[in-house]
Amino acid sequence: MASIASIQSGRFRVLKEGSRTSDQAMGPVVYWMFRDQRLKDNWALIHAVDQANKANVPVAIAFNLFDQFLGAKARQLGFMLRGLRQLHRSITETLQIPFILFQGKAEDTIPNFLRECGASLLVTDFSPLQEIRRCKEQICKKVTDSVVIHEVDAHNIVPVWVASDKLEYSAKTIRGKINKLLPEYLIDFPTLQSPNREWALKDRVIDWDGLIDDVLRKGAEVPEIEWCEPGEDAAREVLMGGKNGFLTKRLKNYSADRNNPLKPKALSGLSPYLHFGQISAQRCALKAQRVRKLCPQAVDTFLEELIVRRELADNFCFYQPHYDSLKGAWGWAQTTLLNHASDKREQIYTREQFEKAQTADPLWNAAQLEMVYCGKMHGFMRMYWAKKILEWTREPEEALSISIYLNDKYEIDGRDPSGYVGCMWSICGVHDQGWKERPVFGKIRYMNYAGCKRKFDVDGYIAYVKGLKKVKRKADDMLSPKAKELHS
Ligand SMILES: Cc1cc2nc3c(=O)[nH]c(=O)nc-3n(C[C@H](O)[C@H](O)[C@H](O)COP(=O)(O)OP(=O)(O)OC[C@H]3O[C@@H](n4cnc5c(N)ncnc54)[C@H](O)[C@@H]3O)c2cc1C
């Protein structure tokens with residue numbers, strides 16, 4: 001079987017060199033999948049198979065289910081595991097690559113497996129999150145000298161370390177760098193070939209139903225959502241399905257309606273799939289480019305969000321270790337927030353009051369409840385929601401920690417660089433500029449109810465969320481027909 005095209009050298013970096021002597025036989029290749037949970041359009045998988053075929057050794061995919069990952073609940077874990085179950089089935093049917101699932105600490109399970117099978121190369125996908133970077137550091141220390149470790153950026157279109165070698169200040173400073181590199185990196189994917197060598201290692205049986213039941217029970221506090229079907233097939237349907245696909249049916253309204261919380265289906269709805277790597281942003285961008293002639297403005301706006309804003313978020317988390325704390329804010333923002341730390345707040349709420357949507361602002365409460373019921377607050381409301389938390393807490397660090405806590409607990413796309421940056425942008429002015437100084441906010445951009453009222457039908461949005469609640473009570477289910485209709 002012919003080996004496939006190699007990935008570009010900038011697409012991966014060597015996390016650990018190996019010290020294999022020329023007479024030592026090459027062992028199998030293992031791909032530890034973490035962030036990019038898909039079979040199609042996955043540069044990390046392409047690289048793993050390519051390396052295995054070149055060395056004429058077998059390849060396996062390993063996935064580690066952490067006992068606890070940044071507080072993920074049934075909502076997020078159920079979505080992830082159902083997607084993985086589908087992925088496992090597709091791999092078994094089409095590729096004959098073993099898929100092995102471990103549970104516990106990846107810094108133990110992965111090195112143990114590498115040792116057990118005598119692997120000589122570990123390929124892993126890239127994530128800028130500190131928890132994963134620490135885990136990879138441990139793995140590098142624990143594996144034997146001969147094991148080489150490659151990290152592939154299979155998430156960003158332009159690999160984060162190629163796009164820029166430093167922390168970027170704003171969309172303006174990274175846009176030109178990314179756009180210059182798009183002709184080189186926004187290319188079609190090669191066909192993923194079968195491995196040359198089959199692995200005698202038998203697929204260990206995975207009790208998917210048992211695992212799903214377990215996470216649903218343990219994380220029951222935040223139940224699953226039903227309007228958003230997990231998995232690669234569903235992701236493609238949302239992108240370009242014949243019935244209600246974003247590029248096929250909904251694109252024309254994107255520029256005009258994307259900031260209207262009453263029209264959630266004007267948005268792509270892709271963030272859950274992008275977050276879990278069930279779809280590749282590169283595939284979304286390639287498909288969007290193909291329909292640009294029909295709606296140039298909508299496609300350009302979408303690509304700005306999908307590429308520039310999303311990859312700017314990865315740049316921030318990659319180069320700023322304090323991406324989820326006030327310490328990560330620019331100097332001017334830290335100073336202005338500090339200068340206004342003792343300003344009198346009109347209201348102060350506790351984390352619990354926020355969580356239960358018990359503020360005096362019905363618009364804020366509606367946004368919070370949309371997130372609790374649907375697992376996806378509208379993008380425009382996310383900004384208003386986080387800024388009001390700054391306004392109504394004792395200090396900015398507390399506001400940041402509450403917003404990240406709630407975001408990661410309820411959003412289906414939480415625990416994502418775009419989430420940390422969204423909260424940092426709203427509360428600490430990251431990637432933004434200074435605005436007219438005012439109480440509490442200092443020079444951080446301000447948003448208010450009156451501004452929302454000018455932009456969209458605030459009462460209509462509040463009524464829409466109330467409708468979700470009624471239906472939820474009636475059906476005792478997170479899914480409301482209205483939510484389904486509006487979000488599908
Ligand atoms: C306070 C706050 C919290 C946020 N939390 C998250 C989060 O937890 N997870 C998450 O993925 N996004 C988060 N965002 C960013 C953005 O709101 C969501 O990506 C978007 O609403 C997802 O819906 P969509 O895919 O339908 O959006 P679309 O408008 O269709 O966007 C398409 C894609 O572009 C990217 N994108 C869009 N807006 C942004 C943005 N502002 N920054 C970076 N990338 C963007 C996303 O990958 C998105 O899926 C947050 C923003 C704020 C202000």
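Computed over protein heavy atoms with a 1.4 Å probe, the accessible surface of segment 326-487 works out to 43 Å² per residue. Per residue, segment 9-155 exposes 36 Å² of solvent-accessible protein surface, assessed with a 1.4 angstrom probe and all protein chains in place. Distance distribution P(r), segment 9-155, all Cα-Cα pairs, bin width 10 angstrom from 0: 11, 44, 36, 8, 1 percent. When DSSP beta bridges are restricted to pairs lying wholly in the chain, around 20% turn out antiparallel.
With contacts taken as Cα pairs under 8 Å and at least 6 residues apart, segment 139-228 reaches a relative contact order of 18 percent. In this Cβ point-charge picture (+1 for Lys and Arg, -1 for Asp and Glu), segment 326-487 has a dipole of about 400 debye about its Cα centre. Of the GluC sites (Glu not before Pro) found in segment 322-425, those that fall in a DSSP loop while having at most 16 other beta-carbon atoms within 10 Å are GLU346.
Across the options TRP364, LEU270, ALA313, the greatest Cα extent toward the positive end of the charge dipole of the chain (unit charges at beta carbon of Lys, Arg, Asp, Glu) belongs to TRP364.
Under the membrane-span-like helix rule (DSSP H runs whose alpha carbons stretch at least 27 Å along the helix axis, mean Kyte-Doolittle hydropathy 0.5 or higher), the chain yields none.
The Cα-based radius of gyration of the chain, divided by its Kirkwood radius, gives an Rg/Rh of 0.97.
Rolling a 1.4 Å probe over the protein heavy atoms leaves PHE380 with an accessible area of roughly 10 Å².
Expressed as a fraction of 2.2 N^0.38 Å, the C-alpha radius of gyration for segment 37-82 is 1.54. Computed about the Cα centre, the dipole magnitude for segment 152-211 is approximately 360 debye when only Lys and Arg (+1) and Asp and Glu (-1) carry charge, each at its Cβ. Of TYR420, TYR319, TYR169, the order by accessible heavy-atom surface (1.4 Å probe, DNA, RNA and ligands excluded), from most exposed downward, is TYR169, TYR319, TYR420. Using C-alpha pairs under 8 Å with a sequence gap of at least 6, the mean separation divided by the residue count of the chain gives a relative contact order of 18 percent. Placing +1 on the Cβ of every Lys and Arg and -1 on the Cβ of every Asp and Glu, with nothing else charged, gives the chain a dipole about its Cα centre of roughly 1460 debye. When nucleic acids and ligands are ignored and a 1.4 Å probe is applied, SER127 ends up with an accessible area of around 0 Å².
Once all protein chains are placed together, CYS140 keeps about 30 Å² accessible to a 1.4 angstrom probe. For segment 170-236, applying the loop criterion from DSSP together with a ceiling of 11 other beta carbons within 10 Å to the trypsin sites (Lys or Arg not before Pro) yields LYS202, ARG204. Solvent exposure of segment 200-290 amounts to 46 Å² per residue of accessible area, where only protein heavy atoms count and the probe is 1.4 Å. When both bridge partners sit in segment 9-155, DSSP labels roughly 15% of those beta bridges antiparallel. With a threshold of 27 Å on the Cα-Cα distance, the over-threshold entries among LYS166/LYS327; LYS218/LYS376; LYS16/LYS327 are LYS16/LYS327. For the chain, with all protein chains present and a 1.4 Å probe, just round the carbon and sulfur fraction of the accessible area to a whole percent. Here carbon and sulfur together make up 50 percent of the probe-accessible area. Checking every one of the trypsin sites (Lys or Arg not before Pro) in segment 271-335 against DSSP loop status and a limit of 15 other Cβ atoms within 10 Å picks out ARG292, LYS293.
Histogrammed with a bin width of 10 Å, the alpha carbon distances of segment 326-487 distribute as 11, 40, 35, 12, 3, 0 percent, first bin at zero. Taking the charge dipole of segment 9-155 about its Cα centre, with +1 at Lys and Arg Cβ atoms and -1 at Asp and Glu Cβ atoms, the residue from LEU84, TRP43, PRO58 reaching farthest to the positive side is LEU84.
The values are calculated or read from the model by the stated rules, or taken from the named source; none is laboratory data. Everything numeric in this text was worked out from a predicted model, so none of it was measured. Note that we place each Cβ from the backbone using ideal geometry, even for glycine, and neighbour counts take in every protein chain shown. Remember, those area values only see protein heavy atoms, side chains included, never the ligands or the DNA or RNA. Shrake-Rupley method; radii C 1.70, N 1.55, O 1.52, S 1.80 Å.
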